[in-house]
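Each remark here refers to the structure printed beneath this line.
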Amino acid sequence: MTRLDPRIAAVTDRIIERSKQTRSAYLDFIRAEDERGIDRGRLSCGNFAHGFAAAEGDKAAIRTFAGPNLGIVTAYNDMLSAHAPYYRYPEQMKVFAREAGATAQVAGGVPAMCDGVTQGQPGMDLSLMSRDNIACGTAIALSHGMFEGIAMLGICDKIVPGLLIGALRFGHLPALLVPAGPMPSGLANKEKQRVRQLYAEGQATKEELLAAESASYHGMGTCTFYGTANSNQMMMELMGLHVPGAAFANPGTKLRQMLTRAAVHRLAGLAKEKARPLGHCVDERAIVNAIVGLLATGGSTNHAIHIPAIARAAGIKVDWQDFAELSAAVPLLARVYPNGSGDVNDFHHAGGLAFVTKELLAAGLLHGDLLSAGADDFAAFATAPVEKGDEIEWREVGASGNDALLRGVDGAFSPDGGMRLVTGNLGRAIFKTSAVDKERWTIEASARVFADQKDVVAAFEAGELDRDVVVVVRFQGPRANGMPELHKLTPPLGVLQDRGHRVALVTDGRMSGASGKVPAAIHCCPEALGGGPLAMVQDGDTIRLCATTGSLEVVGVDLAAREAAAAPPPPVGTGRELFALMRGHADDAEKGGSAMLAAMEDLF
């Protein structure tokens, strides 16, 4: 095995040292759950009878403990393209489980909202908060104690982190995530973005815009750009929580069904042996692998929030300094839209995650000694699945099939992973450099301050931003309104940049994996609500944002001498008021933006 790069080792060792107390408490917790928690053998006869009453053909096997019983937690709905393929999965998985001498039951369902549908709408304020809701729903589903293994059906933005956070409370059990894959490629993402900008400038009609969007998002599967959903799938593979190569096979193909079958068989085997429990698989090495994969592929900035939350659920503490130091060590191997022209299907066909994993392992940039749930040896994730009759054969991958979007370590697009920590008198924020031209890594201009993204669009349409400008959008953090993505700002800010202006965005909100070419300092901590420094910024202040030096500051102003601007009223309508308790107790984005995890730490 290649020796681990000392920079990766140093960050891992620091995380281990920082997490000693909380990680030890977590491992003690799941050990106690294994020894004294609820399971089928501890249920009373009445409890147990309820648990298999509707099991039809599997009733006798569950009742007599003939084999492990797998709990399926599903995020199926048929409005969300990525999760619609899951409709038939449970009945198929029950067949696959029987083949392996096991049984399976749907333990429960969790909500799955689509950020694509809610972008720029009131519902987006529920998005980040839905992650905690999904985690709680997962725990409720598994609380019946009927299961010896966990199969999680989920793909998109908050769903995978939520499922994983919830399942980690049952970390004494083995678990796998079972993806469904991306939709086939439609209208090229670059063309879709071109039509969006034309519409923002009034040069395309709404009908033309809808036609472009419909040609891009056109069938079952995840969206084909490399946003949070597809970054989720990459992360789960590099954490060893898929069967190898499961991430990007398209829905409805024979290979996709074979991968699902392989996952059920694998999970049944782990459950029989009580091997590789989830809480031991998700350790400090797995978390570092997830960050390395994110950086090497130019993945979604949302995971600067989700990875700390997942880690925290397993008693592990990571921060953005860890991300920044790993980014300095990890080269950028992929340029997938919005960082490049090809989509995730192009990436997959060029060699995809198997190629990336092979390169990173060979360079000592991944933990190859990971306790993988999906394979006996983590090296299997450097191979690609192919059909061989009714079975899968995992084969070694060769050279990249497309140097324009996938390269090896020696010919990387950039020597670093493209995610920078910027700090200064405006706090701490994330700057994703991988999609931004280097000549725009430093922006210094006067500020225009907003508290609502709709007001930014209105100012753009009125010609008020047609100049060099740093657009500040504040009161967008977890406590203020649930930290919505501000993706609707990408077209107008992109137009201003294309007109030759020096433009940047500074916000305590999110921009996601689709943030694109405009320089942005996002996830600013502390957030404006409660007196964070963004609340003191005024129109006309000079703001300097520099990814090269890692600075984010108002120039020549003593912010401490100013009073904070008044925050907008809390959001209501579209169910947002139901999440007031979560918002009110959420902590900073760097810790994961979670009220649930903040409260849970007090118990250990």
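Computed from the coordinates by the stated procedures, all read-outs in this text should not be read as laboratory data. Note that this is a predicted model, so its numbers are computed, not measured. Here the Cβ positions follow ideal geometry from the backbone for every residue, glycine too, while neighbour counts run over all protein chains shown.
Going by average Cβ density within 10 Å per residue, which order do the peptides 286-297, 207-218 take, highest to lowest?
Working: 286-297: 27.5, 207-218: 15.0.
Peptide ranking by packing, descending: 286-297, 207-218.
Under the simplified labelling scheme, the residue 572-residue 190 pair shows an inter-label distance of 4.9 nm, with each label point 7 Å from Cα along Cα→Cβ. Couplings for the stretch 11-19, taken from phi via the Karplus curve 6.51 cos²θ - 1.76 cosθ + 1.60 with θ = phi - 60°, read 5, 4, 4, 5, 5, 4, 5, 4, 9 Hz in order; Gly and Pro are left as x. Pairs from the table (317/591; 20/432; 317/358) lying more than 20 angstrom apart at Cα are 20/432; 317/358. Per-residue 3J(HN,Hα) values for the stretch 234-244, derived from phi via the Karplus relation 6.51 cos²θ - 1.76 cosθ + 1.60 with θ = phi - 60°, read 4, 4, 5, 5, 6, 8, x, 9, 10, 6, x Hz in sequence order (x marks Gly and Pro). Average projection, convex hull of the Cα set of the chain: 26.0 square nanometres.
How much length, in nm to one decimal, is gained on full extension between residue 254 and residue 87, taken as 0.36 nm per residue of separation minus their Cα-Cα distance? Numbers along the way, then the final one.
On the way: separation 167, 0.36 × 167 = 60.12 nm, distance 1.62 nm.
Extra length available between residue 254 and residue 87 comes to 58.5 nm.
Pairs of Cα atoms nearer than 8 Å and 6+ residues apart set the relative contact order; for the chain it is 15 percent.
Between residue 362 and residue 2, the simple label model (points 7 Å from Cα in the Cβ direction) yields a spacing of 0.7 nm.
For the stretch 340-418, the average shadow cast by the Cα convex hull is 6.2 nm², which is a quarter of the hull's surface.
If neighbour count is taken as other Cβ atoms inside 10 Å, put 507, 64, 103 in order from fewest to most. Show your work: numbers first, answer last.
Details: 507 28, 64 8, 103 25.
Final ranking by Cβ density, sparse to dense: 64, 103, 507.
Using 0.36 nm per residue and subtracting the Cα-Cα separation, the extra length available between residue 17 and residue 395 on full extension is 132.3 nm. Report P(r) for the stretch 8-154: all Cα-Cα distances, bin width 10 Å, range 0 to the bin holding the largest distance, values in whole percent. Binned Cα distances yield the sequence 10, 29, 28, 24, 9, 0. Relative to a virtual label point 7 Å from the Cα of residue 274 in the Cα→beta-carbon direction, which members of the stretch 37-57 show backbone nitrogen distances below 17 Å? Within reach of a label on residue 274: 37-43.
For the stretch 419-568, would you read off the P(r) tail past 18 Å as a percentage of all alpha carbon pairs?
On the way: 5603 of 11175 pairs.
Cα-Cα pairs in the stretch 419-568 separated by more than 18 Å: 50 percent.
The label point for residue 32 and the one for residue 349, both projected 7 Å from the Cα toward the Cβ, are 5.4 nm apart. Within straight-line reach of residue 192, meaning a Cα separation under 21 Å, sit the following lysines at least 8 residues removed in sequence or on another chain: 206, 488, 517. Legend: ranking of residues 348, 265 from fewest to most surrounding C-beta atoms inside 10 Å; resulting order 265, 348.
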